[in-house]
Amino acid sequence: MFGVRCLLLALRRCSSAPCPKHKQAARLRVCEALEAQEVAGDIKVQGWVRSVRSQKQVLFLHINDGSSLESLQVVADPSLEHRDLTFGSAVEVQGKLVKSLHRMQNVELKAENIRVVGPCDTLTFPFKPRERQPLEYSRQFPHLRCRTNTLSSLLRVRSEATAAIHSFFKDNGYVHVHTPIITSNDCEGAGELFHVRTSNEVQEAGENSHFFNVPAFLTVSGQLHLEVMAGAFTQVFTFGPTFRAENSQSRRHLAEFYMVEAEMSFTESLQDILQVMEDLFKTVTSIVLSKCPQDVELFHKYISPAQKGRLEQMLKNKFITIPYTEAVEILKRAPQAFTFQPKWGNDLQTEHEKYLVKHCGEVPVFVVNYPYDLKPFYMRDNEDGPQHTVAAVDLLVPGIGELCGGSLREERLHFLQSRLERLGLADAYQWVLNSIGD
């Protein structure tokens, strides 16, 4: 009995005293391991195998976790090789980070343990090591294509660009606003609309069966909502999904995409808007180039070889500004033939936009002061003549054409009301008039 009590007492003391803990390996992402300047012991890297090479005395792996285009080389004893250790398999490798003897890399991971977390059937896996597949092939496998170099680089660039856009607006005093995705307004014909209905909604003639009591659509723009918010916060922006029901398979027409929109109150000069657009473009581009050099280089090498010089040119030069009327005259004097003949009062086509950029020395071009009848009701009337224009701008960039646009908003109530009445939109946009009147 005494022995049992002593044993229980000893167990209580052991449970209350601090017990020695096994030191866990520090987990590093591949990009962190590659950037390491010093050797490190007891680290763990998780990722997918990009290549396996087994020799008599050494086993080589390349591991990638999506944090970097470059993979981390793993050196291991052949005894650690496993039959499931193949291209595409998910693994966890523990070991020491040591200096690499290879001149192309700074460090490598000397493995002490390799665990296959998820095997990969190399016979059915659609991608093979050291094979560069065309994008058309990769698109057949939407659940796996993000593992390819091209698509993973694209998504890393997009991630950094998104963060840079948010950072730019935050640093300049803008308030981020989430505008509605389901809305009853069509932003005055900004694009074809996706109609939103419930799954059990029955449309019967003469009966109002809308879920919101009015027709609802997926948003084509958050602009009108932002204009209301700008009346309270001065400077606002949104960066969210927009939808266009344009049945086109071209690269310039997407059913769903993310769009940056911003509004500023107390802005009386179109030049102020041009400066924000130029600063945003240059800031975001510079950040992407500095944060994703390998990813950008991949695109310069395999996708768009001519873009490297263009980007450098765009960043170091001041953007050019030309009026729409002058742009049309330049197009009329062009030595090349256009599919769509340039004419004052018609919108600029992609072929026109690319020519204007080329004519101006492959530097981004602001085209300003578009015809009054060509633009939406909310753009400010310049009250000029005989060629009536509004204070609008489109930014044209090399290789693309139009990248973004903007305008001064019509703040004069009588101008706005008159135009809405002529267009038959006064009732639909009465809330816009009320917000200006207030």
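The figures follow:
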quantity: Gained length - E136 relative to D347, 0.36 nm times residue gap less alpha-carbon distance; calculated: 72.7 nm
quantity: Highest-MSF residue in the chain out of N64, N200, N149 [GNM, Cα springs under 10 Å]; calculated: N200
quantity: Difference of contour (0.36 nm per residue) and Cα-Cα distance, I303 to E411; calculated: 34.4 nm
quantity: Table column - 3J(HN,Hα) (Hz), region 339-347, Karplus curve with 6.51, -1.76, 1.60, x for Gly and Pro; calculated: 5, 10, 5, x, 8, 4, x, 9, 6
quantity: The chain: most fluctuating residue of N247, N172, N213 per GNM, C-alpha cutoff 10 Å; calculated: N213
quantity: Förster radius 35 Å - calculated FRET efficiency between K99 and K128 (Cβ-Cβ, nearest 0.05); calculated: 0.65
quantity: Under 5 Å, built H, 5+ apart or other chain: amide partners of V107; calculated: S100
quantity: Helix-only [θ]222 nm of the chain, DSSP H runs n ≥ 4, -39500 (n - 2.57) each, per residue, nearest 500; calculated: -10000 deg cm²/dmol
quantity: Fraction of accessible area attributable to carbon and sulfur, the chain (%, probe 1.4 Å); calculated: 53
quantity: Low-density loop cleavage sites - trypsin sites (Lys or Arg not before Pro) in region 297-338, where at most 11 other Cβ are within 10 Å (DSSP); calculated: K318, R333
quantity: Å² per residue, accessible surface of region 293-438 at 1.4 Å; calculated: 52
quantity: Label point distance in nm, D373-V58, each placed 7 Å from Cα along Cα→Cβ; calculated: 7.6
quantity: Additional length obtainable on full extension of the chain from E35 to A245, 0.36 nm per residue less Cα span; calculated: 71.1 nm
quantity: Coil-residue chymotrypsin sites (Phe, Trp or Tyr not before Pro) of region 65-143, DSSP, other Cβ within 10 Å capped at 12; calculated: none
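The values are calculated or read from the model by the stated rules, or taken from the named source; none is laboratory data. All values reported here derive from a predicted model rather than from experimental measurement. Quick reminder, even Gly has a Cβ in these numbers, built from the backbone with ideal geometry, and neighbours come from all protein chains shown. We work out accessible area using only protein heavy atoms, side chains counted, and drop any ligands, DNA or RNA first. Shrake-Rupley method; radii C 1.70, N 1.55, O 1.52, S 1.80 Å.
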